[in-house]
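In what follows, a structure is listed as C-alpha cells, so that the remarks can point back to it.
Read-outs throughout are calculated quantities, based only on the coordinates presented, and are distinct from any laboratory measurement. The model shown is predicted, which means the values in this text are computed figures rather than measured ones. Because the Cβ atoms are built from the backbone with ideal geometry, glycine has one as well, and the counts that use them run over all protein chains shown.
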Amino acid sequence: MKSTCPHCETTFRLDPSKIPEGGISARCSVCSGVFRVASEESPSAEKPAPAKLSSEPEPSPAAAAAATPSVAEATSTAAPTVAFGEVDPDAKARRLARALVSDIATYHPERRDRSLQAGTLRREFQEEIKKSWDEYVSQVGMEIARRTPHFRHALNDILARGSRIF
C-alpha cells in the first residue's frame, strides 16, 4: 500500500496489515508534516481489501496500534537526489519551510479556519510567521531564504490552504 505526504509529496510504501481499520495519524520523516493514513478496509480507501481466509482472531485495537509502523519506519519510494550524507541546500530549505508552516497550522487549526474566513490570516498569524521565518533564516541562511520562494509557497499551500495570500 502506498501513502503520500500531502505536505511534501513524498510517497511511502506501507504494510496494509499494520494499519488499524480506522487509520492512523502519521508524521512524515522528510518534512515532519502530520497526515492521516487510512487502512485499505476503511470506507475512504480507494479499493476494498480482499476477504480474509484465515480463521485466526482479529487482533485487539491496542495490539494493532502497537504494531502500526511510523512513517519514518516505512520505506520511501522517492528517488534520492543526492548521495547518502550529502545535503542539498535547496531541498533542505523547502522541507524546513513546509515543516515550520505545518507546525503553525497544526497547533492553531480553529484559529486558522476563523482567520481564513474573515480574511485576516496574515495579520492573525503575523507573530508566528515572523518567528518561523527567523528560524528558517537561521537554519538555511539569508541568501537561500531570499533567493527561493519556499517559505512563501509553504505559507500559501499549507497555512492558506492553497490561496495566494502571501
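Using 0.36 nm per residue of separation minus the Cα-Cα distance, give me the extension gain between Tyr107 and Glu21 in nm, one decimal.
Numbers: separation 86, 0.36 × 86 = 30.96 nm, distance 2.62 nm.
28.3 nm is the gain from fully extending Tyr107 to Glu21.
Distance from the C-alpha centroid of region 1-27 to that of region 105-123: 27 Å, rounded to the whole angstrom. Report the full-extension gain for the segment Asp134 to Lys2: residue separation times 0.36 nm, less the Cα-Cα distance, to one decimal in nm. Using 0.36 nm per residue and subtracting the Cα-Cα distance, I get 44.0 nm.
With K and R counted +1 and D and E -1, the other residues having a Cβ less than 13 Å from that of Glu9 yield a net charge of +3. Per-residue Karplus couplings for region 21-38, computed as 6.51 cos²θ - 1.76 cosθ + 1.60 with θ equal to phi - 60°, are listed in order as 3, x, x, 9, 8, 10, 10, 5, 6, 8, 10, 6, x, 9, 8, 8, 10, 8 Hz, Gly and Pro entered as x.
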